[in-house]
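These notes concern the structure reproduced below.
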Amino acid sequence: MASKATPKRQEERSILINFVLDKSGSMSSIREATISGFNEFLGDQQREGGDARMTLTLFDTRFETVASAVPVRHVAPLNHETYHPDGMTALYDAIAHTMSITDDYVAQHHPDQVLFVIMTDGQENSSREFDQRAVFRMISDRREDKGYEFIYLGANQDSYAASQRIGIAPDRAMNWEATPEQASATMLRMSRNVRGYRRAGTALLANETFFTPEFEAVGAMEYEEYKQRQEAGRGKTGKKA
């Protein structure tokens, strides 16, 4: 994987985005907002510069990986057939199995950035293979040794405490309420943070960067506008982005 500070321009960089998305029964009340919010997020990433691939894992009592390191332009939007909330919350199994897919891909392709987005409206209650300690070790090791980055979005819980229990710093976590309005708003903020991360170009961001107004403002711009501003900046300074 690339070093934490890379001089590559965005169009030359590669990223693997892993989205671990809850579809347990309690997500039924926000099903429409989750589908539309994810699809808008997907569209945002498809319009962004650079080589991006996505792994999408949906989980309830069990988990299903519906896309495995697929180019984002080929990832199918969610619909009522692919996103049908039911069952309980096998969060740990979903994270761990997605991590295995990621490790295999990284070993072969060495992307510049690896990002996990974990979104759930409840806490773990049905994993069969992995427990909290195992997931904590996996996430901590990947952050420290491989530079994987993580975002945790949790409803109906203290997301900051829940993220710490699995090795994700609280400044990379966000609380949200399980309402259609909050689900949509959370997906939008998350998308802006992912775009900001891609534009930053480093494997790991400094503490207290995610979810700040300044960082989200960078991600709020459409890619063409952002690119034009970068080009204008390079023209003034004579330096590459």
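Readers should treat all values here as calculations from the given coordinates under stated rules, not as data from a laboratory. All figures in this text were calculated on a predicted structure; none of them were measured in a lab. When we count neighbours, we look across all protein chains shown, and the Cβ atoms used for this are built from the backbone with ideal geometry, even at glycine.
Couple of notes before you dig in:
- Per-pair calculated FRET efficiency, R0 = 35 Å: Ala232 and Arg133 via Cβ, rounded to 0.05: 0.10
- Environment charge of Gln157, counting only residues whose C-beta is closer than 13 Å and scoring Lys/Arg +1, Asp/Glu -1: -4
- Restricting the stretch 106-145 to trypsin sites (Lys or Arg not before Pro) that sit in a DSSP loop and have at most 16 other Cβ atoms within 10 Å of their own Cβ leaves Arg128.
- Selection of GluC sites (Glu not before Pro), the stretch 87-156, meeting DSSP coil and at most 15 other Cβ within 10 Å: Glu129
- Of Thr89, Ala200, Phe215, farthest towards positive along the dipole that unit charges on Lys, Arg, Asp, Glu beta carbons give the chain: Ala200
- Volume per residue of the convex hull around the Cα atoms, evaluated for the stretch 122-241, comes out as 125 Å³.
- FRET E, pair Ala217, Asp141, Förster distance 35 Å, beta-carbon r, rounded to 0.05: 0.60
- Projected label points at Asn175 and Asn125, each 7 Å from Cα along the beta carbon direction, are separated by 2.0 nanometres.
- 10 °C / 1.306 mPa s Stokes-Einstein diffusion coefficient of the chain, Kirkwood radius on C-alpha pairs, µm²/s: 88
- If a spin label sat at a point 7 angstrom from the Cα of Asn156 along the line to its beta carbon, the backbone N atoms of the stretch 24-49 nearer than 11 Å would be those of 24-30.
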